[in-house]
């Protein structure tokens with residue numbers, strides 16, 4: 001077995017330290033998924049400036065995908081999903097319509113040179129930006145393009161949503177109640193739950209040949225544990241989740257080249273136009289959802305906003321909207337998007353061939 005190169009180890013440690021520092025600073029500035037952005041930034045600097053290629057070990061990438069899967073799966077809650085039980089059909093139809101809209105938006109984006117149909121669709125899929133970015137490379141998409149455009153959409157939504165909610169839908173920022181802090185069993189239980197779901201979920205997913213088993217297996221197992229009342233309210237410990245985001249960001253950033261930056265730069269303006277159109281179209285679906293279910297237009301708008309889950313919940317809580325309904329619709333869409341992604345990739349991959 002060859003001995004590891006000390007210079008390569010030092011190189012990797014330096015990049016990792018830079019990613020952690022950048023992620024911490026971005027988190028302090030309130031940037032969504034600061035750890036992922038920090039890893040992306042540090043990896044991009046190293047990828048463009050390093051003489052020798054550097055990559056995140058496959059085992060570390062798989063572990064990070066598993067943590068993200070458990071984190072997303074833990075969002076499922078029986079009480080939350082019960083909020084849409086009586087209106088499940090219009091909610092499901094709007095969710096499917098959102099998926100079709102995002103795929104259509106991605107197909108528009110692929111008209112740009114250097115963007116494949118799969119990459120375009122994954123860049124526009126509305127829901128689970130971290131999960132989509134984590135699985136993009138495994139499903140044949142350019143994860144660099146996907147990461148940049150996914151988080152461009154999230155950033156636009158985070159900035160614009162409070163303004164739209166107040167000026168268009170008449171939300172009152174002072175109408176929100178006090179936020180109740182929910183405490184779980186603690187980080188040791190959360191760590192044990194994360195490891196158990198990651199190991200068992202990944203093994204089961206490989207046994208049944210599920211696409212992207214490292215992410216989707218733990219996601220489904222964590223969701224099943226929550227729905228069955230077996231999780232006890234545990235969640236992925238914050239530092240573990242942050243480390244996973246850093247590794248995923250690094251894995252994407254280290255693959256950047258000058259040519260890929262040029263392709264992304266050419267696509268930014270068209271992508272921005274497509275993203276704005278997608279956000280407006282989803283707001284239109286919110287109007288349809290409001291008419292079909294009787295919920296307020298503000299609740300429906302927040303429920304159908306294409307991304308920025310935690311910012312959506314913060315806005316819903318702060319404006320007195322029905323946060324339970326909003327969370328239920330957002331989580332349902334997130335699961336539909338992530339579970340449909342392998343099917344979308346397979347279908348568009350065949351068209352490309």
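Just a few scattered comments:
- Residue ID - surrounded by the fewest Cβ atoms within 10 Å (Cβ to Cβ), chosen from residues in the range 186-219 that are in contact with a helix residue (DSSP H, G or I) (Cβ under 6 Å, 6 or more places away or on another chain) and assigned to a loop (DSSP other than H, G, I, E, B): 211
- Pairing residues of the range 323-342 that are free of Cβ contacts under 8 Å to residues at least 12 places away in the same chain and at negative phi with residues that are part of a helix (DSSP H, G or I) and surrounded by fewer than 23 Cβ atoms within 10 Å (Cβ to Cβ), at Cβ distances under 8 Å and at least 6 apart in sequence or on separate chains, gives 323/313; 323/317.
- Among the criteria (1) under 30 Å from residue 165 (Cα atoms); (2) in contact (Cβ under 8 Å) with a residue 60 or more places away in the chain; (3) within 18 Å of the chain's Cα centre (by Cα), the one residue 297 does not fulfil is (3).
- Near pairs, Cβ below 8 angstrom, 6+ apart or cross-chain, from the range 68-92 (farther than 15 Å from residue 220 by Cβ) to any residue that is surrounded by fewer than 12 Cβ atoms within 10 Å (Cβ to Cβ): 78/229
- Scan the range 230-260 for residues that are in a helix (DSSP H, G or I) and within 26 Å of residue 145 (Cα to Cα) and the total you get is 17.
- Filter result for residue 245 (at pLDDT below 90, surrounded by 14 or more Cβ atoms within 10 Å (Cβ to Cβ) and closer than 25 Å to residue 74 by Cα): yes
- Among (1) part of a loop (DSSP other than H, G, I, E, B); (2) closer than 22 Å to residue 150 by Cα, the one test that residue 282 misses: (1)
- If you go through the range 161-185 and keep only what is modelled with pLDDT under 85, exposed (fewer than 14 other Cβ atoms within 10 Å of the Cβ) and outside any helix (DSSP H, G or I), you end up with 170, 172, 173, 174, 175, 177, 178, 179, 180, 181, 182, 183.
- Residue 126 being at pLDDT 80 or above, more than 19 Å from residue 253 (Cβ to Cβ), touching a helix residue (DSSP H, G or I) at 6+ places or on another chain (Cβ under 7 Å) and not in a helix (DSSP H, G or I): yes
- Of the candidates 288, 276, the single residue that is part of a helix (DSSP H, G or I), at pLDDT 80 or above and either closer than 25 Å to residue 37 by Cβ or within 18 Å of the chain's Cα centre (by Cα) (or both) is 276.
- Test for residue 302: is it out of contact with any helix residue (DSSP H, G or I) (no Cβ under 7 Å at 6 or more places or on another chain), assigned to a helix (DSSP H, G or I) and farther than 16 Å from residue 92 by Cβ: no
- Residues in the range 200-230 that are closer than 28 Å to residue 20 by Cβ and touching a residue at least 60 places away in the same chain (Cβ under 8 Å): 201, 202, 212, 214, 215, 216, 217, 218, 219, 222.
- Condition met for residue 283 (surrounded by fewer than 14 Cβ atoms within 10 Å (Cβ to Cβ), at negative phi and modelled with pLDDT of 90 or more): no
- Candidates 293, 304, 257, filtered to the one that is modelled with pLDDT under 85 and out of contact with any strand residue (DSSP E or B) (no Cβ under 6 Å at 6 or more places or on another chain): 257
The values are calculated or read from the model by the stated rules, or taken from the named source; none is laboratory data. Please read all numbers here as calculations on a predicted model, not as lab measurements. Reconstructed Cβ throughout: ideal geometry from the backbone, glycine too, with neighbour counts over all protein chains shown.
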